[in-house]
Amino acid sequence: MKHVMVLGSTGSIGRQTLDVIRQNDDLDVVSLAAGSNIDLLEEQIREFNPELVCVYSEEKATALRRRLRTNQVKVMTGMEGLITSATLPQGDLLVAAVVGMIGIRPIIEAVKRRKDIALANKETLVTAGHIIMPLAEKMDVKILPVDSEHSAVFQCINGENCSEIEKIILTASGGPFFGKSRAELEKVTLEDTLNHPNWSMGRKITVDSATMVNKGLEVIEAKWLFGVDYEKIQVIVQPQSIIHSMVEFQDGAILAQLGTPDMHLPIQYALCDRKRKGRYGEPLDFTRLSEITFGQPDMETFRGLALAIEAGKIGGSMPTVMNAANERAVELFLQKKISFLTIADIIEEAMQRHTVIKNPEFDAISAIEQEVLAKINETYQGSY
Ligand code: NDP
Ligand code: MG
């Protein structure tokens, strides 16, 4: 039996993780954590009977405790609760499915306590990959990718020698605005942005997919996960989201992983030791698939992609600045306080203001994040 801890159990990845656990008798839940959705968390507690849960919001935790009076589960709050949920002594594997930089500390603490990590939360590797990857190696901890592209690469390199990788080809759907001009993007609304053509995901990553910042974050994530230089990572647009990514080896062979877009497969692959288990969703029917097409990403129109890759190449604290600025800009966009194109402007302004620090420790990452957020709040106050 593998004992699983799920951070972000009420989200898109969290809910699909619980579907996978339902289907696999050798997986069992020991802790759950969410931000504030106690209605769903309560249902999950009653079904999975974890030993500990965390609700980040103190107020919501109090309400949940009241509802669960007769239940045995311990309810914690805040960062202490997240860390405790991520490091339970009986836990074997942490599914990191919270969104944003809030995941960094719990993940670092889990790695220190030798918990394997099924990683959906890409913001953590983007900002703290230089801390997490060496620590994972030292502690002999597996970092198992859940992001579909990285899972595809992970599947393609199974049994291969990583030193023979020539190129990682990350595919991008291009999001809802693929092919649009900047002039057209000036008019897009929040509703247009949240309408992703192929994937149903949380709101933040759906916006990131539309700006293509998501693909930039994934380039950085790939660099850390697979230990390859940026020159060896290529982004191509594959609008049908059928090829989830590819790996080219030095002899010219290219391996790809294909399938209908469904996150259950990468989640199950990470949770079940790379075993091929139950099927989710529709099988891919090539006879009904009229075409698989490819395109170049438009780095000028989707400037967020170019900025994110640039931040990765600069390295040090720059990815933190890019990521923190993006997180705040996306929040402002979701609150309808800024326009779609302003997201990339905010990222660019933050990066221009920053003087890079090499190898920032966790405290420096946190301080830089706060600084970036404060400056954005000050500058965009007029937008409220
Ligand atoms: P969602 O917004 O659907 O879910 C986020 C989860 O995080 C929710 O359970 C939410 O709780 C929880 N959360 C938010 N803030 C806190 C907090 N302070 N403390 C504890 N829990 C918190 O996001 P997704 O599931 O879409 O994405 C999660 C991560 O996975 C992101 O990093 C994303 O980039 C990545 N990812 C997602 C994919 C997808 O298909 N969705 C694909 C690849 C990667 P609550 O519901 O209570 O707010
Ligand atoms: Mg992805």
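Read the figures in this text as sums done on the coordinates, not as results from a lab. Bear in mind that the values here come from a model prediction, so they are computed numbers and not experimental data. Ideal geometry is used to build each Cβ from the backbone, glycine not excepted, and the neighbour counts take in all protein chains shown.
As a length-normalised measure over Cα pairs under 8 Å and 6 or more apart, the relative contact order of the range 260-337 settles at 16 percent.
When the trypsin sites (Lys or Arg not before Pro) in the range 116-213 are filtered for DSSP coil states and for at most 11 other beta-carbon atoms within 10 Å of their beta-carbon, the remaining sites are Lys187.
Taking the inverse of the mean reciprocal distance over all distinct Cα pairs, the Kirkwood hydrodynamic radius of the range 24-82 comes to 11.3 Å. By the beta-carbon count within 10 Å of each Cβ, the least crowded to most crowded order of Ser200, Ser148, Ser245, fewest first, is Ser200, Ser148, Ser245. Under the shape rule built on the C-alpha gyration tensor, where the axes satisfy a ≥ b ≥ c, the range 210-266 is oblate, since a/c reaches at least 1.5 while a/b does not exceed b/c.
Per the Kirkwood treatment, what hydrodynamic radius in Å, one decimal, follows for the chain from the mean inverse distance over all distinct Cα pairs?
Working: mean 1/r = 0.0470 Å⁻¹.
After inverting the pairwise mean of 1/r, the radius is 21.3 Å.
When the alpha carbon gyration tensor of the range 182-293 is reduced to an equivalent ellipsoid, its three semi-axes come out at 25, 20, 16 angstrom, largest first.
Extension gain, Asp229-Phe362: 0.36 nm per intervening residue step, less the Cα-Cα distance, totals 45.5 nm.
Can you sort Leu41, Leu190 so the residue with the fewest Cβ neighbours within 10 Å comes first? Walk me through the intermediate numbers first.
Numbers: Leu41 27, Leu190 16.
Ascending Cβ contact count within 10 Å gives the list Leu190, Leu41.
The Stokes-Einstein estimate for the range 307-351, based on a Kirkwood radius over Cα pairs and taken at 25 °C with 0.890 mPa s viscosity, is a diffusion coefficient of 236 µm²/s.
Each residue of the range 191-196 was assigned a 3J(HN,Hα) from its phi angle through the Karplus expression (A = 6.51, B = -1.76, C = 1.60, θ = phi - 60°), giving 4, 4, 5, 7, 9, 6 Hz with x at Gly and Pro. I'd like the distance between the alpha-carbon centres of the range 305-353 and the range 54-124, rounded to an integer number of Å. The two parts, judged by their Cα centres, are 27 Å apart.
Percent antiparallel among DSSP beta bridges with both residues in the chain, to the nearest 5? Before the final figure, lay out the partial values.
Values: 10 of 40 bridges.
So the antiparallel bridges in the chain amount to around 25 percent.
The modelled label-to-label distance for the pair Arg353/Asp140, using points 7 Å beyond Cα in the direction of Cβ, is 4.6 nm.
Packing around the peptides 356-367, 210-221, 323-334, 292-303, taken as the average count of other Cβ atoms within 10 Å per residue, puts them in this order, highest first: 210-221, 323-334, 292-303, 356-367.
Cross-link partners for Lys112 among the aspartates and glutamates, with Cα-Cα distance under 14 Å and sequence neighbours closer than 8 places in the same chain left out: Asp92, Glu137, Asp140. In order along the range 86-91, the phi-based Karplus estimate (6.51 cos²θ - 1.76 cosθ + 1.60, θ = phi - 60°) of 3J(HN,Hα) comes to 8, 10, 3, x, 7, x Hz; Gly and Pro are listed as x.
Using the crude model of +1 on Lys and Arg Cβ and -1 on Asp and Glu Cβ, and no other charge, please compute the dipole size for the chain relative to its Cα centre, in debye to 20.
Details: 41 positive and 52 negative charges, 179 e Å.
Using only the charged Cβ atoms, the result is roughly 860 debye.
With the convex hull of the Cα atoms taken as the outline of the range 1-159, the averaged projected area works out to 9.1 nm².
How about the range 165-205: which GluC sites (Glu not before Pro) there are in a DSSP loop, with at most 13 other Cβ atoms within 10 Å of their Cβ? Intermediate values should be presented prior to the final figure.
On the way: sites: Glu166, Glu184, Glu186, Glu191; in loops: Glu186.
In loop regions of the range 165-205 (DSSP not H, G, I, E or B), the sparsely surrounded GluC sites (Glu not before Pro) are Glu186.
For the pair Phe249 and Glu80, a Förster radius of 56 Å applied to the C-beta separation gives a FRET efficiency near 0.75, rounded to the nearest 0.05.
Hey, what number do you get for the chain at 222 nm if only DSSP H runs of n ≥ 4 count, each worth -39500 (n - 2.57), divided across all residues, to the nearest 500?
Details: 16 runs with 176 residues, N = 384.
Helix-only estimate at 222 nm: -14000 deg cm²/dmol.
Which whole-number percent is the relative contact order of the range 154-246 (Cα, under 8 Å, 6+ apart)?
Values: 95 pairs, mean separation 44.4, N = 93.
Contact order relative to length: 48 percent.
Going from the fewest other Cβ atoms within 10 Å to the most, the residues Cys272, Cys54, Cys162 appear in the order Cys162, Cys272, Cys54. Placing a pseudo-label 7 Å from each Cα along the Cα-to-Cβ vector at Lys277 and Asp345 gives an inter-label distance of 4.8 nm. Both numbers refer to the Cα atoms of the range 103-154; Rg and Dmax are 10.2, 28 Å.
When Rg and Dmax are taken over the Cα atoms of the range 61-134, they come to 13.7, 44 Å.
Pairs spanning more than 18 Å between alpha-carbon atoms, out of Lys142/Lys275; Lys122/Lys223; Lys138/Lys313; Lys60/Lys115: Lys138/Lys313; Lys60/Lys115.
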